[in-house]
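Some notes on the structure that comes next.
The values are calculated or read from the model by the stated rules, or taken from the named source; none is laboratory data. No experiment lies behind these values; they were computed from the predicted model shown. We place every Cβ from the backbone using ideal geometry, glycine too, and count neighbours over all the protein chains shown. Surface accessibility is based on the protein's heavy atoms, side chains included, excluding ligands, DNA and RNA. Shrake-Rupley method; radii C 1.70, N 1.55, O 1.52, S 1.80 Å.
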Amino acid sequence: MAKVQRDAPILTVSVAAELAGMHPQTVRQYDRLGLVVASRTRGGGRRYSLVDVERLIEIQRMSQDEGISLAGIARILQLQDQVEQLREKNNQLAKRLARLRELGNDMRDQLEHKESLEHRVFAADSNGFVTMAQGVEMLRQALRASASTVESRDMVLWRPRAVTLFPQQIE
């Protein structure tokens, strides 16, 4: 058995009115006032969804139980729609913010890695033995420690070129 989407416009005026517990003419009047807007068939017939029926029931409750005028109900429904749109926008922005934070963390990690690479210093002797350290002072310490165990060597010092980071595109 296939499930019907709650927002699928499949109900005629009479069926929607029956489900909402009101007269079909009342449903048509609410449609003309814009309180519930029906989808239209090619022939111009009105079609309502289960969401529309729930809205009809809520309109009837506010009108009969709360004594709110149709103009007041229209304003309440308009504000409810705006709140829902703002919630959706807020969710979209929250997802975007999370993605931007993730990208920011990735960029920070790349920059930290780049900075660590830029501080590396290498020394190589004529036999091809290479010593690497994070900074000149640490290299000196490493060379002093290895000099006590290895014969004196001619050393060449160098720093690697800066690493280029490719910027990530923000969607």
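Here are the numbers for this structure:
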quantity	calculated
Output for segment 6-18, where each listed residue is closer than 24 Å to residue 78 by Cβ and open to solvent by 70 Å² or more (accessible area, probe 1.4 Å)	6, 7
Residues of segment 102-133 that turn out to be closer than 16 Å to residue 144 by Cβ and either polar (S, T, N, Q) or part of a helix (DSSP H, G or I) (or both), as a count	1
Scan of segment 97-123 for residues that are free of Cβ contacts under 8 Å to residues at least 60 places away in the same chain and more than 28 Å from residue 133 (Cα to Cα), ordered by number	97, 98, 101, 102, 104
Single condition residue 53 does not satisfy, out of (1) within 23 Å of residue 75 (Cβ to Cβ); (2) assigned to a loop (DSSP other than H, G, I, E, B)	(2)
Residue ID - surrounded by the most Cβ atoms within 10 Å (Cβ to Cβ), chosen from residues in segment 19-52 that are among the hydrophobic types (A, V, I, L, M, F, W, C) and touching an Asp or Glu at 6+ places or on another chain (Cβ under 6 Å)	36
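Every residue, every condition in (1) assigned to a helix (DSSP H, G or I); (2) basic (Lys, Arg); (3) exposed (fewer than 12 other Cβ atoms within 10 Å of the Cβ); (4) over 14 Å from the mean Cα position of the chain (by Cα), yes or no:
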residue: 57; (1), (2), (3), (4): yes, no, no, yes
residue: 60; (1), (2), (3), (4): yes, no, no, yes
residue: 63; (1), (2), (3), (4): yes, no, no, yes
residue: 87; (1), (2), (3), (4): yes, yes, yes, no
residue: 90; (1), (2), (3), (4): yes, no, yes, no
residue: 96; (1), (2), (3), (4): yes, yes, no, no
residue: 100; (1), (2), (3), (4): yes, no, no, no
